[in-house]
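Student: Got a structure for you, questions after.
What follows draws every value from the coordinates through simple rules; no lab data is involved. Note that this is a predicted model, so its numbers are computed, not measured. When we count neighbours, we look across all protein chains shown, and the Cβ atoms used for this are built from the backbone with ideal geometry, even at glycine.
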Amino acid sequence: MNPRYPRRGVYVLPNLFTTASLFAGFYSIIASINGHYRVAAIVIFIAMILDGLDGRVARMTHTESAFGAEYDSLADVIAFGMAPAILVFLWGLRDFGNFGWLGAFVYTACGALRLARFNTQIHSASKRYFQGLPIPTAAAVLASLVWVAVGEGYPWLTQISEYLALGLVYALGLLMVSNVRFRSFKDFDLHGRVPFALAILVVLAVALVAVHPPLVLFIAVISYVVMGLLLTLWQIRSRRTQRRRGSSSH
């Protein structure tokens with residue numbers, strides 16, 4: 001083999017998790033087409049877990065690569081762009097006509113744009129904050145909403161869920177391509193020591209999710225979105241206050 005042209009390859013382990021996430025997204029689409037909306041929603045959350053593992057495995061095994069980053073983004077378009085859009089459209093947006101399918105497309109297109117922007121800014125972006133809503137979080141909002149709506153015990157939410165979904169596909173799409181900042185938690189050290197109270201909170205959070213997974217997850221991801229909006233508004237207000245103080249001092 002010519003030494004000037006070394007053999008190129010890819011790392012297997014992290015890409016296996018990415019492929020599994022892609023498969024979960026594809027399976028969710030098939031489940032949605034067959035009318036199994038609850039299964040489709042749950043599989044999207046499985047895709048989220050697998051998507052979170054591939055990056056951590058790559059960093060732990062020092063197998064990060066440009067190929068893996070691009071492959072991960074392409075898988076995310078399917079698992080968190082197409083899959084939740086098709087799920088929410090077939091489940092509840094078809095009755096809204098053009099507004100329904102257009103909302104599903106806006107969500108998917110904005111998700112793809114969000115991923116493209118993330119890839120171009122990956123080396124310069126802050127590790128503490130995301131610029132724009134992460135597409136897995138947007139997918140979790142739609143998947144948990146459908147999961148709650150097709151379940152039992154909350155008829156009040158089921159009655160308004162389709163109208164809520166129509167507003168959310170547009171709102172989530174715009175948030176993904178916005179400049180709103182959302183906490184990333186990438187700077188959280190999992191290897192270091194943490195306060196004992198934090199460990200108790202983690203246990204309580206897991207127990208709370210076990211009580212009613214879809215509703216708790218829906219409330220959790222909506223709270224995350226609202227916190228991002230409030231954080232951005234607070235930062236804008238702080239900057240304006242500093243500018244006023246600076247202008248008044250002169």
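Student: Under a crude label model (7 Å from the Cα following the beta-carbon direction), how far is Ile49 from Val209 in nanometres?
Tutor: 0.8 nm
Student: Let me ask something else. Can you compute the charge dipole magnitude of the stretch 7-163 about its Cα centre, using +1 on each Lys and Arg Cβ and -1 on each Asp and Glu Cβ, nothing else charged? Give it in debye, rounded to the nearest 20.
Tutor: 460 debye
Student: Show me 221-228, 129-136, 109-116 ranked by packing, highest mean number of other Cβ atoms within 10 Å first.
Tutor: Listed from highest to lowest mean packing, they are 129-136, 109-116, 221-228.
Student: Return the distance in nm (one decimal) between the two label points of a simple spin-label model at Val216 and Ala69, each offset 7 Å from Cα along Cα→Cβ.
Tutor: Simple spin-label model gives 3.6 nm for this pair.
Student: Out of every Cα-Cα pair in the stretch 12-249, what percent are more than 30 Å apart? Walk me through the numbers on the way to the answer.
Tutor: Values: 8186 of 28203 pairs.
Summing the P(r) tail past 30 Å for the stretch 12-249 gives 29 percent.
Student: Now for a separate question. State the answer as a single residue: which of Leu90, Tyr71, Ile135 lies farthest towards the positive end of the charge dipole of the stretch 12-249, with beta carbon charges of +1 for Lys and Arg and -1 for Asp and Glu, about the Cα centre.
Tutor: Ile135
Student: Could you work out the equivalent-ellipsoid semi-axes for the stretch 1-106, taking the square root of 5 times each eigenvalue of the Cα gyration tensor, largest first, in whole Å?
Tutor: In descending order, the three semi-axes are 34, 15, 10 Å.
Student: Amide H of Arg183: which non-local residues (sequence gap of 5 or more, or other chain) have their own amide H closer than 5 Å, using H built in the peptide plane?
Tutor: The answer is Phe130.
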